[in-house]
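Okay, so here's the structure we're looking at.
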Amino acid sequence: MNPKSICAGIATFLSVRTGNPELLKAQFAALSRLIPLMYFILVADAWVLAGTFIHRAPLWLTLYASLLLTAICLSRLVVWWKKRNVALTVETAFAELRRANRVAAALTVVFPAWAFALFSYGDALEQSHVAFFLVISILGTMFCLIHLRSAALIVAAVAGSAFVVFFASTGQPVFIGMAVNVVFVIGASVVVVLIQNRDFVRMVNASIAARSKEQAQNRLLRMIDDMPVAVMTVEPDTLKINYVNETSKRLVRRIEHLLPIKADDLPGTCIDVFHRHPQHQRRILGDPANLPHNARISLGPEVIDLKVSAVTDTDGTYIGPMLTWALVTKEAESERRIFQMAHYDILTGLPNRITFHEELDKRLGTPGNRVGLLFVDLDGFKLVNDTRGHRIGDILLTQVASRLRATCNSPATVVGRLGGDEFAVLVPHDNAEEAALLAARVVAFLSEPYDLDYDRSIQITASVGIALAPLHGEDGETLLSRADIALHVAKTAGKGEFRMFQPEMEARIQERMRLEARLQATLKSEEGLFVFYQSIIGIDSGTVTAREALVRWYHPERGWISPGEFVPVAEQSGLIDQLGGFVLNTACRDAARWTDGARVAVNISASQIGKGTLVPSILAALEASGLPPERLEIEVTETALLYDERDTTAELQQLRKLGVRVALDDFGTGYSSLAHLRAFPFDKIKIDGSFVRDAVDRPDCAAVVQVVASLGKRLGVTTVAEGVETQAHLDRVREEGCTEVQGYLFGRLKPDERDAPLVEELNRRAREAATA
């Protein structure tokens, strides 16, 4: 190696290290205690040696030299003594340690040189005393400087080397042997110094680390104390609380009346005070494998949210559980309300659609489970809601829910509200007879009158569709769909009925969907759609006063399809506006070509009125055809007046102002009310054909015809008797005072002359297909 590098390495090894400020302070503190001892050893040994040579060597070399050495040592001792109470900085410690290095080097030169100077004045025994003095001084100085490795090694290197060289050069076998022994002793001492110095450095570093850790822990505890989160720690063996932060104490003071202990007494108390039955909590807290753990604890009316985590040491050793907790009574109540709102119907308190579906899927997901489903729909609820108001509607729904709970109260039976006036009942069996009996009870109970207010009562009915699992389906969606199909069939059967799902019902529904798709396609092309007309005759004049426009549909595959089949489909599917628009536009165009000036009567569905679209569509049809408004009659049923009566009446008033006549169709059926005649001044009242046909044989039906005819005469309104098929029918309605008649006696439905050839061709094809 390069000699310069070696020298530089030795110099670094023998210098004071600056990388650890805390170590510098510790070294200075240790030296402050041992350096006075070192100077004592040196001075005492020096005076003893001087006393040995006092009569042999000159006084300046014995007495005066000893005084000088003593003065030097005392001066350095005073310097160290003065610095013992001075605030120590890193810079001060570093400067003093470097000075200690230099002083040690000087002492290792001065004291041996003085001893070597005395050597020549003594005999063999006194010379041995010099050797003894030097060894004791060297070893004493090294061990007193043991915490400053550089200084101790300087003493060993300089003084030890001088001793060995000096005594080895005497040529005396005894002194040479002593020199060899000193080499080993000093070498061993150097090893001891290095080991002790290493351990001292480790001890200081460990102390620094421990102090730093303690400071960090103290800072952490202060931070935890000031945290807004309540924190407690617990001894793992005894489960006694050993730390409680201030937030915990404040929270405990709020619930002290619920606990057998005060907040300030928590440290040292077992965690059991928070639990009425603490065994479960003990098992969790006693085993770190169970952590982390979250729990909600009810303490009287209060709710505590508890989170427990495991606290471990740096080596992973389990120290104990740490508990963070909070009073969440209000939050728990809010969560309960949110859960209630999310899973239960607000109005009735029944499980809502989501919860009911989850329960249905859960039961169907259990192998071998059998369930029954009743789909309940109220008949006429929309009418009540629209005519009596939503408040009354809500009261009615609440009472329906109460009745369903009372009727369907068997174990494991679930009643839910799916939305609007739709309810569902889930029963824990697939017994068809029991399900049918329950459905019958539901229909009967829900059909009894409801007391809605102090002076109001109402009566509605309910329809029920039944599906059973696994017979009718093995998943919730299929079961609900088939129960809905059965419900639809029950409503079609006359309402206030129940039906069990049958496979052919689904076929009918599918056929209805196919019919809807065909109708939609036909409305786009308008091929196969026709408007037929039936005359309305004035009884006195015998002339045609008007013709009623009625839609007919011919399909290439099915032939002529009855209006009773496709018109309801159009109403339910939202296609009625397109269908009604086709009839209106066609009727206006056809009537504009009639030479007799008769009016054309067009039926308007209840779903076409009240939306604000009827008046613009009629204006467009009149303008496109050129038909005068007074030659157009709009026929509406009483049902149309029951929904959104204000909007409906407003639209009819607009039509009257335009000159369009308005007729009330099928009067005497459904929801007949004289209030409708008072609410709107109709131009014509059409008496339903069922009364006309029975008026010949039944006095009650004849009385109805008479009353309506008399009412029309008093109001100045034309009355039309529908369904006049025989001379006896005509005689009766003439006798009762009707103004106009309509029926097969005066002619069947006929297409417009423009469509007549095509209709005849289609009829021929239909006859051929029927005979083929």
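The values are calculated or read from the model by the stated rules, or taken from the named source; none is laboratory data. Predicted, not measured: the structure shown is a model, and the values here were computed from it. When we count neighbours, we look across all protein chains shown, and the Cβ atoms used for this are built from the backbone with ideal geometry, even at glycine.
If you filter the range 358-372 down to residues that are in a helix (DSSP H, G or I) and among the aliphatic types (A, V, I, L, M), you find that the one that is farthest from the chain's Cα centre (by Cα) is Leu364. Counted as qualifying within the range 666-772 are the helices (runs of 4 or more DSSP H) with 2 or more residues that are at pLDDT 85 or above, namely 689-694, 699-715, 727-736, 756-771. Does Val90 satisfy the criteria of being without any contact (Cβ under 8 Å) to a residue 40 or more places away in the chain, over 27 Å from Val182 (Cβ atoms) and surrounded by fewer than 18 Cβ atoms within 10 Å (Cβ to Cβ)? Spelling it out, it is not the case that Val90 is without any contact (Cβ under 8 Å) to a residue 40 or more places away in the chain, over 27 Å from Val182 (Cβ atoms) and surrounded by fewer than 18 Cβ atoms within 10 Å (Cβ to Cβ). Exactly one residue out of Gly737, Gly747 is among the small types (Gly, Ala, Ser) and farther than 25 Å from Ala592 by Cα, and it is Gly737.
Listed here are the residues, each with its yes/no results for (1) touching a Gly at 6+ places or on another chain (Cβ under 9 Å); (2) in contact (Cβ under 8 Å) with a residue 60 or more places away in the chain; (3) surrounded by 13 or more Cβ atoms within 10 Å (Cβ to Cβ).
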| site | (1), (2), (3) |
| --- | --- |
| Thr719 | yes, no, yes |
| Gln727 | no, no, no |
| Glu740 | yes, yes, yes |
| Tyr744 | yes, no, yes |
| Ala769 | yes, yes, no |
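Each row is one residue, and each column tells you yes or no for (1) without any contact (Cβ under 8 Å) to a residue 12 or more places away in the chain; (2) of a type outside the set (Ser, Thr, Tyr).
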position	(1), (2)
Phe133	no, yes
Ile138	no, yes
Val155	no, yes
Val158	no, yes
Phe167	no, yes
Phe175	no, yes
Ser189	no, no
Ile195	yes, yes
Phe200	no, yes
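The residue that is nearest to Ala71 (Cα to Cα), counting only those in the range 104-134 that are of a type in the set (Val, Ile, Thr) and crowded, with 18+ Cβ neighbours inside 10 Å, is Thr108.
Select from the range 502-547 the residues that are of a type in the set (Val, Ile, Thr) and either within 23 Å of Gln572 (Cβ to Cβ) or under 60 Å from the mean Cα position of the chain (by Cα) (or both) and list them in ascending order. Answer for the range 502-547, where residues must be of a type in the set (Val, Ile, Thr) and either within 23 Å of Gln572 (Cβ to Cβ) or under 60 Å from the mean Cα position of the chain (by Cα) (or both): Ile509, Thr522, Val531. Tell me, yes or no, whether the range 116-125 has at least one residue that is among the charged types (D, E, K, R) and outside any helix (DSSP H, G or I). Among the residues of the range 116-125, at least one is among the charged types (D, E, K, R) and outside any helix (DSSP H, G or I), which makes the answer yes. Of all residues in the range 266-285, those being surrounded by 14 or more Cβ atoms within 10 Å (Cβ to Cβ) and either outside any loop (DSSP other than H, G, I, E, B) or modelled with pLDDT of 75 or more (or both) number 11.
Which residue out of Ala29, Ala8, Ala100, Ala93 is assigned to a helix (DSSP H, G or I), at pLDDT below 85 and in contact with a Lys or Arg (Cβ under 7 Å, 6 or more places away or on another chain)? Sole residue among the options that is assigned to a helix (DSSP H, G or I), at pLDDT below 85 and in contact with a Lys or Arg (Cβ under 7 Å, 6 or more places away or on another chain): Ala93. Among the residues of the range 370-415, those identified as exposed (fewer than 15 other Cβ atoms within 10 Å of the Cβ), closer than 19 Å to Ile466 by Cα and polar (S, T, N, Q) are Asn409, Ser410. Annotation note: Cβ proximity below 7 Å between a residue of the range 303-317 that is closer than 13 Å to Met232 by Cα and a residue that is at pLDDT below 80 and exposed (fewer than 12 other Cβ atoms within 10 Å of the Cβ) (sequence gap 6+ or interchain) occurs for no pair. Scanning the range 437-452 for residues being among the small types (Gly, Ala, Ser), assigned to a helix (DSSP H, G or I) and over 13 Å from Leu373 (Cβ atoms) gives a total of 2.
When the residues of the range 59-90 are filtered to those that are among the aliphatic types (A, V, I, L, M) and not in a helix (DSSP H, G or I), the one that is farthest from Ala162 (Cα to Cα) is Ala87. Determine whether Thr348 is β-branched (Val, Ile, Thr), loosely packed, with under 15 Cβ neighbours inside 10 Å and either in the same structural domain as Pro236 (by TED's automatic domain parsing) or under 28 Å from the mean Cα position of the chain (by Cα) (or both). No; evaluated as a whole, the condition is false for this residue. Cβ-Cβ distances below 6 Å connect the following pairs, each with a first residue in the range 232-245 that is surrounded by 21 or more Cβ atoms within 10 Å (Cβ to Cβ), a second residue that is assigned to a loop (DSSP other than H, G, I, E, B) and of a type in the set (Val, Ile, Thr), and a separation of six or more residues or different chains: Ile241/Thr269.
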